[in-house]
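Colleague: Have a look at the structure that comes next, please.
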């Protein structure tokens, strides 16, 4: 009986120790140039993986930190810049954003159906930055991705902080897309849930 109780306690402690610790251990974070800012960003991300339970929002586990990349991107390998060394919340938002690119493309058929409905909802979208993405298709894709980023931030940090972060992005990049997500989260969310495109 004593042995059973001990095993149960160990199992409980393993569960409580949390996905965030296991998540950090499972990520492979590579430095592109081995510079101090890259090392600082790597350490910052590792700390944030312990602070927030990001396991639900992680799809790809290969990460590159590259101080020479002007814009973080998801493919072929998720690549972060060193821009947000002094802002934990923006780094979390950027990390989740790039992860959600990996998430939505796992089922191209569902994503395609969702984008068809987004095109009906938003028949005219910007096709260049800073308002939109690289083209119309990319803008529609980013409506989905940015919505998931917002949803993740609400779960991780609360509604107020999530809105503050998106508000910052509305004057930084994908400005129309982020404004649209802030204005129409329920409508976009209904489409995303309909096609099971929410982690």
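Colleague: Helix 2-17 sits at what angle to the longest principal axis of the chain, using alpha carbons and giving 0 to 90 degrees rounded to 10?
Modeller: Result, in degrees: 30.
Colleague: Which of the peptides 127-133, 28-34, 95-101 is most tightly packed, and how do the rest follow, judged by the mean count of other Cβ atoms within 10 Å per residue?
Modeller: 95-101, 127-133, 28-34
Colleague: Something else about it: Starting with the highest mean, order 72-85, 185-198 by the number of other Cβ atoms within 10 Å, averaged over the residues of each peptide.
Modeller: For the peptides 72-85, 185-198, the packing ranking is 72-85, 185-198.
Colleague: On to the next question. So what is the 222 nm mean residue ellipticity for the chain from helices alone, if each DSSP H run of at least 4 adds -39500 (n - 2.57) and you divide by all residues, rounding to the nearest 500 deg cm²/dmol?
Modeller: The helix-only estimate for the chain comes to -20000 deg cm²/dmol at 222 nm.
Colleague: Ranking request for peptides 114-125, 40-51: highest mean number of other beta-carbon atoms within 10 Å first, then the rest in descending order.
Modeller: 40-51, 114-125
Colleague: Then there is this: Taking a temperature of 10 °C and a viscosity of 1.306 mPa s, what whole-number D in µm²/s does Stokes-Einstein yield for the stretch 56-140 with Rh from Kirkwood over alpha carbon pairs?
Modeller: 111 µm²/s
Colleague: Oh, and also: Using a simple spin-label model with points 7 Å from Cα along the Cα→Cβ vector, what separation in nm is obtained for residue 106 and residue 167?
Modeller: Taking the simple label geometry, residue 106 and residue 167 are separated by 3.3 nm.
Colleague: Contour minus end-to-end for residue 193 and residue 69, with contour as 0.36 nm per residue of separation and end-to-end as the Cα-Cα distance?
Modeller: In short, 41.3 nm is gained.
Colleague: Percent of alpha carbon pairs in the stretch 19-102 separated by more than 14 Å?
Modeller: Tail fraction, whole percent: 57.
Colleague: With no solvent and one point on each alpha carbon, what is the Debye value of log10 I(q)/I(0) for the chain at q = 0.09, 0.10, 0.16 Å⁻¹?
Modeller: With no solvent term, the Cα-only Debye profile gives -0.37, -0.45, -1.04.
Colleague: Once you have the Cα-Cα distance between residue 184 and residue 113, take 0.36 nm times their residue separation minus that, and quote the gain in nm to one decimal.
Modeller: 23.7 nm
Colleague: Still on this structure, please answer the following. Rounded to two decimals, what is the ratio between the C-alpha radius of gyration of the stretch 107-194 and 2.2 N^0.38 Å?
Modeller: Taking the Cα Rg and dividing by 2.2 N^0.38 Å, one obtains 1.02.
Laboratory data are not the source of any read-out in this text; all were calculated from the coordinates shown. Keep in mind that this is a model prediction, so the values were computed, not measured. With ideal geometry, Cβ positions are generated from the backbone for all residues, glycine too; neighbour counts draw on all protein chains shown.
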